[in-house]
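Here, each number is a calculation from the coordinates, and none is a lab measurement. Note that this is a predicted model, so its numbers are computed, not measured. We place every Cβ from the backbone using ideal geometry, glycine too, and count neighbours over all the protein chains shown.
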Amino acid sequence: MASPIERLELFGYRLTYAEGEYVMSGGRLVSVLDSTVVRLTTADGHRGHGEVCPLGTNYLPAHAAGARAAIAEIAPHLLGLDAANPKAIGAAMERALLGHPYAKSAIDIACWDVLGQASGRPVCDLLGGRMQEDFPLYMAVSLASPEEMHAQMERFRAAGIHRFQLKLGGDPSEDAARARAVVEATEPGDVVLGDANCGWTLPEAITAAGQMEGLPRFFLEQPCATLEECARVREHTGLPLILDEVIVDPQSLLRAWELGALVGINLKLSRVGGLSRARLLRDLGEELGLMVNVEDAWGGDIAVAAVSHLAASTDPRALTMVSFINDWTEEHVLRDRPRAVDGCGRASTEPGLGGGEVDEGLLGAPLATFDRRR
């Protein structure tokens, strides 16, 4: 049965980082971010939700105001279309507006939510099937002194976390000291990613990698801004590389594979355009034998619910870590939000994304409403 879209509503709310300031390379830091929620209401009574929250304005080519403007441009073209057909909705979005995958991701996720509700199945069942009940979560350790980063890691470890992403991308020697301070305090079974977020030049990345060579349980993540530079870094180090920001479609993933530039990917839903495109890249990564980590740039409970379903449907042999970013934030819009338990997460067993009712008070009045009946 089709689920024609009767109404698309656009909401905005603010997410506060629970640790105070989230610090990355290049002096980039955030404490509060604007998140955007899409709600689709269908003729047969389903209400699907999606969320996108860019990490500021200078991390990826995305920003909150841009997401809202792009969604407003697309929305009128979707009214009357079947929300339970994400592929057809994706094609309609491309006809209405080229590019802007981060904005389209919120609509795509809302469509998967509707499809799950209409079929009576959790979204992970529709993404390939639930492959695992629980999966390991990671926490990001903000860029700071070696001592401060070690202390952050110990706090997270005490809460049951055994996967860590260290924010690097500063002076190569100082970054090497940061990495050693954390890695030397870990144990077998822990995993540490040193994430430069594209922050090093090629010479800096090669220097940093040389000083981190031999660290156990350590992966280097996205050292430079381009795939070609990252491939050059890989030629100069034995450290395994994880790529993130430069993996945007099947072509970039296959190119990185051909260059021998990676052993795994960090897959951000909004970076690639939502669950539909992320599932394709996830499946391709699995077939290539890569590590596939699942996350998003930022977001609250709805974004994390989508992440949880892609993670739950990923082969455990490929999935090493997942980010429940809503555990990093103060505000929560779902009654039964996805959350960490002893360092692990899981996806809801309810139809759609799950999580129960959305807190209308926190979302407030719609920023914009597009109604088929008007």
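List of remarks:
- Summing Cβ point charges (Lys, Arg +1; Asp, Glu -1) relative to the Cα centre of the chain gives a dipole of roughly 920 debye.
- Gap separating the Cα centres of region 254-318 and region 140-191, nearest whole Å: 23 Å
- GNM top mover of 136, 101, 240 - the chain, alpha-carbon springs below 10 Å: 240
- Whole-number percent relative contact order across the chain, with pairs defined as alpha carbons under 8 Å at least 6 apart: 22 percent
- Ratio of the Cα radius of gyration of region 1-80 to 2.2 N^0.38 Å, where N counts its residues: 1.36
- Signed unit charges on C-beta, dipole axis of region 307-361, positive-most listed residue 333, 313, 358: 313
- 17 Å tail of the calculated P(r), region 38-123, as % of Cα pairs: 45 percent
- Ascending count of other beta-carbon atoms within 10 Å, so fewest first, for 93, 212: 212, 93
- Treating r as the C-beta distance of residue 133 and residue 173 and R0 as 56 Å, the FRET efficiency rounds to 0.85.
- The calculated 222 nm mean residue ellipticity attributable to helices in the chain amounts to -10500 deg cm²/dmol, summing -39500 (n - 2.57) over DSSP H runs of n ≥ 4 and dividing by all residues.
- Taking each residue as 0.36 nm, the span from residue 374 to residue 65 lengthens on full extension beyond its C-alpha to C-alpha distance by 108.7 nm.
- In plain terms, the residue of 6, 360 with the fewest other Cβ atoms within 10 Å comes first and the most crowded comes last, giving 360, 6.
- Proxy reagent accessibility, fewest Cβ within 10 Å first, across 374, 7: 374, 7
- Rounded to the nearest whole angstrom, the semi-axes of the ellipsoid equivalent to the chain, taken from the Cα gyration tensor as √(5λ), stand at 35, 20, 19, largest first.
- A simple spin-label model places the labels of residue 14 and residue 367 1.4 nm from each other, with each point 7 Å out along Cα-to-Cβ.
- All Cα pairs of region 125-345, percent lying beyond 20 Å: 56 percent
- Fluctuation leader among 165, 251, 222 - the chain, Gaussian network, Cα springs under 10 angstrom: 251
- All Cα pairs of region 232-357, percent lying beyond 17 Å: 57 percent
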